[in-house]
Amino acid sequence: MRETPGTVLSRRNFLRAFGGASTTAVAAVALTPQEAQAYDPGADEMRARYQETDHVKAFYRVNSYPLKK
């Protein structure tokens with residue numbers, strides 16, 4: 001039994017229309033020129049975090065990584 005085409009929007013046609021509309025919206029946003037913003041990480045994010053502690057040295061030794069002198 002087939003439904004006659006009319007104002008009834010089937011699930012397939014709805015998804016097809018929704019996909020086309022969302023693609024158009026994304027393309028419109030992507031093509032509008034925007035000024036680039038530089039990211040300032042701040043002093044807290046630029047500090048040195050890596051510390052070669054005893055457990056790090058043990059990991060390097062067990063996995064045969066060369067140790068820094």
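All of the numbers you see were taken from the coordinates with simple rules; none came from a lab. Computed from a predicted model, the values in this text were never measured in an experiment.
Each residue of the range 29-42 was assigned a 3J(HN,Hα) from its phi angle through the Karplus curve 6.51 cos²θ - 1.76 cosθ + 1.60 (θ = phi - 60°); the sequence is 5, 5, 8, 7, x, 10, 6, 6, 10, 7, 9, 9, x, x Hz, with glycine and proline shown as x.
What is the percent of Cα-Cα separations in the range 5-57 that go past 14 Å? Everything past 14 Å amounts to 76 percent.
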